[in-house]
Amino acid sequence: MSFKDFGLLDEVVQGVEAMGYTDPTPIQLRAFPIILSGGDMMGSAQTGTGKTAAFALPILTKLKSRGATRCLVLEPTRELAAQVETAFRDYARFMDVTVGLVHGGVGFGKQRELLTEGVDVLVATPGRLLDFLGDGTARLGDIEFLVLDEVDRMLDMGFLPQVRRIVDSVPKKRQTMFFSATLPPELETMTKWLLKNPEAVEIGAQRMPADTVTHALYPVAKDQKFDLLVAMLERTKFDSAIIFTSTKIMADKVAHRLKDLKHSVAVLHSNRTQREREDALAGFKSGKYEVMVATDIAARGLDIAGVSHVINYDVPQHPEDYVHRIGRTGRALNVGDAFTIFTAEEMDHVRSIERFIGTSITRQKLEGFEYLYTTLFNESSIPAGGFGKGVRTLSGYSFGARRKRR
């Protein structure tokens, strides 16, 4: 089926086709009829499945032309909000519909002016929107369409109380769309007060990394963690690499030390200013920076193409974040590599990940690196079947050989 087969507005179809899209994705095929018919929807869809268009195209079709602020889209981070706002603008390029963006990290002036003038579609992060609701600048009394995107991420970031306050400011008679990459049990109570008889759509529930990604674990003593990272960067032929840390402090520390070693490094986390975050993303995409050190703010949703390698400097504490992180590489049918450095203290997180994806992950050892002894090298510490093919032996224990890129 084509975009023309769903009853989408001609101008909307023209907009999406102008972006080079010809065939709807599975999430779009399922979502279009539900949203166009006026029903609430609860969608579980992975990054890269086209879920922004899944709700944007039918909403724009129902908006048709300019009016009051009738659509509100909530996003957990500034980067995702900016990306979704850009997508709405692109899809609506042949329509008389306005789109606005409200988020923290920048001044209030231009955003206040935007809200005063009025927009048809408002994309916002919860904190800044509440600021404008508090001073009366934002008015949500005409909202007809409410979209909550990356809801599991909002939950992780502690936004649930803020979201509830925003939803209380929106008319009860509305159409609500709820999208989440995962559906943890904690979201069940949220859906009960948020949605009315929703249709559930689950597309691409991904517990396994993509086939295009080769991933492995690298055990190391805690004192050698950074040294192993440096050795990986020096001995690996990469085009661009994202290094994930679990905290903002560690991201800054790792980036600073890499800069001292003359690596071109961008840093992305929530404590950076909006200008710094924009410069980091733009510089990394353009090739100005070969490495980006980031927290999980970069693990989902962001459109970053051409990443050849992902390195988990810290093992993610939530298993699904492992799949999201390493999914930053191996995109668009390109191959990619993902390395996870781990210490004995992180072994429980490793086991949780392996349970989540349903398989053990190959343990490897970087050839030529002078390892200190760690209990992780004990055979009893390593899950059965944890080693892949092409192994070599060190003191009686096997480690996978490093894959060379072609």
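Read-outs throughout are calculated quantities, based only on the coordinates presented, and are distinct from any laboratory measurement. Predicted model, so just to flag it, every value in this text is computed and none were measured. A quick note on method: Cβ atoms are made from the backbone with ideal geometry, for glycine too, and the neighbour counts reach across all protein chains shown.
Distance from the Cα centre of the stretch 332-365 to that of the stretch 22-61, in angstrom?
32 Å
Modelled label-to-label distance, Ser264 and Asn197, 7 Å Cα→beta-carbon offset: nm?
It is 5.8 nm.
Quick check: pseudo-label points 7 Å beyond the Cα along Cα→Cβ at Asp131 and Asp10, how many nm apart are they?
A separation of 4.3 nm, rounded to one decimal place.
Quick check on the chain: helices-only [θ] at 222 nm, where DSSP H runs of length 4 and up contribute -39,500 (n - 2.57) each and the sum goes over total residues. Nearest 500, please.
Estimated from H runs of four or more residues: -10500 deg cm²/dmol.
Which residue, chosen from Ile34, Asn271, Phe339, occupies the Cα position most advanced towards the positive end of the dipole of the chain, where the dipole is computed from +1 (Lys, Arg) and -1 (Asp, Glu) charges on Cβ about the Cα centre?
Going by the Cα projections, it comes out as Phe339.
Hey, what's the Kirkwood Rh for the stretch 1-49 if you take every pair of different alpha carbons, in angstrom?
Every distinct Cα pair counted, the radius reaches 11.7 Å.
What number do you get for the chain when its Cα radius of gyration is normalised by 2.2 N^0.38 Å, N = residues?
Dividing the Cα Rg of the chain by 2.2 N^0.38 Å gives 1.05.
Say R0 is 41 Å: what FRET efficiency, to the nearest 0.05, do Thr273 and Lys173 get from their beta-carbon distance?
So the FRET efficiency works out to roughly 0.55.
Set the Förster radius R0 to 56 Å, insert the Cβ-Cβ distance between Ser286 and Phe356 as r into 1/(1 + (r/R0)^6), and round the FRET efficiency to 0.05.
So, using R0 = 56 Å, E works out to roughly 0.95.
Quick one: if you stick a label point 7 Å off each Cα along the C-beta vector at Thr22 and Asp348, how many nm between them?
In this crude label model, Thr22 to Asp348 measures out at 5.3 nm.
If you place +1 on the Cβ of every Lys and Arg, -1 on the Cβ of every Asp and Glu, and leave all else neutral, what size is the dipole of the chain about its Cα centre, to the nearest 20 Debye?
580 debye
I need the phi-derived Karplus couplings for the stretch 21-32: 6.51 cos²θ - 1.76 cosθ + 1.60, θ = phi - 60°, integer Hz, Gly and Pro marked x.
Once θ is set to phi - 60°, the couplings for the stretch 21-32 become 8, 10, 10, x, 7, x, 5, 5, 4, 7, 7, 3 Hz.
On a 25 Å Cα-Cα criterion, which of the cross-link pairs Lys225/Lys285; Lys110/Lys285; Lys51/Lys196 come out too long?
Flagged as over cut-off: Lys225/Lys285; Lys110/Lys285.
Top mean-square fluctuation among Thr49, Thr189, Thr98, Gaussian network model of the chain, C-alpha springs under 10 Å?
Most flexible of the set in this elastic network: Thr189.
Could you give the Stokes-Einstein D for the stretch 3-203 in µm² per second, using the C-alpha Kirkwood radius, 4 °C, 1.567 mPa s?
Translational D for this selection: 77 µm²/s.
If you take the square roots of the eigenvalues of the alpha-carbon gyration tensor of the stretch 119-160 and sort them as a ≥ b ≥ c, do you get rounded (a/c under 1.5), prolate (a/b over b/c) or oblate?
Oblate, because a/c is 1.5 or more while a/b does not exceed b/c.
Projected onto the charge dipole of the chain (+1 at Lys/Arg Cβ, -1 at Asp/Glu Cβ, origin at the Cα centre), which of Thr214, Leu9, Leu366 gives the Cα projection farthest towards the positive end?
Leu366
Quote to one decimal, in nm, the extra length available between Ala68 and Asn378 on full extension: 0.36 nm per residue of separation minus the C-alpha distance between them.
105.1 nm
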